Amino acid sequence: MNEQTLDDLVAELHRAWTHTDALWLDLDDDEIAWRPHEQSSAIGWHLGHQAAVAHYLVRNLLAAESSPDAELDSLMDSATPEAARGDLPGVDRLRRYRSAVADRVVARIDDVRTGAVGAPEQLLLVAAGVVRALVNHEYQHDQWIAEVRGRDLGRAVPEAPTSPNLTVLDGYTVLTP
């Protein structure tokens, strides 16, 4: 495929979020919080981490804005040692956090797309890089979630998404380079 447009990339981000939802929305609180061992993170941490990274990227590269849940930002930061990642929020709070971050990502990308930013052409390039990183990061953690879901929780794993824009590298779904 030729170079992906921002609209193509945003469509792939929505596809990635839909796949993530298929991996976790049917799990209960215990399954979301279960950790293979103390030096491993729960599915819930990975879900929050995906959202935290999205918030960080948008906040730092597109539009400075406050967090929808600063306490979760700290907990879900990869700088937080794995042993300290055990006090996870319940499914409802995690869902609200992910949803609020996704809404903000879409709103900021729409601002860039419509030119409602200070440096519209420059931010188009930055936004494309942000969205590409978000898609690849979402799938990176989806891989771990799928492995734990299938292997450890004994749950069926949904089919990986397909798109002419996606490929698999080192076992991970990624946007075609």
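What the table below lists for this structure:
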item: Binned Cα-Cα distance frequencies in segment 1-120 - 5 Å width, integer %; result: 2, 11, 20, 20, 19, 13, 8, 5, 2, 0
item: Label point distance in nm, A116-T18, each placed 7 Å from Cα along Cα→Cβ; result: 2.5
item: For the chain, built as a Gaussian network whose Cα springs stay under 10 Å, the top-fluctuating residue of R149, R96, R35; result: R96
item: Rounded to whole Hz, the Karplus (6.51, -1.76, 1.60) HN-Hα couplings of segment 39-50, x for glycine and proline; result: 8, 9, 9, 6, 3, x, 5, 4, 5, x, 5, 4
item: Low-density loop positions, chymotrypsin sites (Phe, Trp or Tyr not before Pro), segment 73-177 - DSSP coil, at most 12 other Cβ in 10 Å; result: none
item: Solvent-accessible area of L124 with every protein chain in place, 1.4 Å probe, in Å² to the nearest 10; result: 70
item: Alpha-carbon Debye profile of segment 75-177, log10 I(q)/I(0) at 0.14, 0.16 Å⁻¹; result: -0.79, -0.99
item: Solvent-accessible area per residue, Å², over the chain with all protein chains present [probe radius 1.4 Å]; result: 49
item: Between segment 17-56 and segment 148-177, the alpha-carbon center distance in angstrom; result: 15
item: Formal net charge of residues neighbouring E82 (Cβ-Cβ distance under 14 Å; K, R +1; D, E -1); result: -1
item: Whole-Hz ³J(HN,Hα) from phi, Karplus 6.51 cos²θ - 1.76 cosθ + 1.60, for segment 57-68, glycine and proline x; result: 5, 5, 4, 8, 10, 10, 7, 4, 7, 6, 7, x
item: Relative contact order for segment 64-174, counting Cα pairs under 8 Å that sit 6 or more residues apart, in percent; result: 15
item: Helical mean residue ellipticity (222 nm; -39500 (n - 2.57) per DSSP H run of 4+; nearest 500) of the chain; result: -19000 deg cm²/dmol
item: Given charges at beta-carbon only (K, R positive; D, E negative), |dipole| of the chain in Debye; result: 180
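The values are calculated or read from the model by the stated rules, or taken from the named source; none is laboratory data. Small disclaimer: the values here were computed from a predicted structure and weren't measured. Here Cβ is always computed from backbone atoms with ideal geometry, including for glycine, and neighbour counts include all displayed protein chains. Heavy atoms of the whole protein, side chains included, go into the accessibility calculation; ligands, DNA and RNA do not. Shrake-Rupley method; radii C 1.70, N 1.55, O 1.52, S 1.80 Å.
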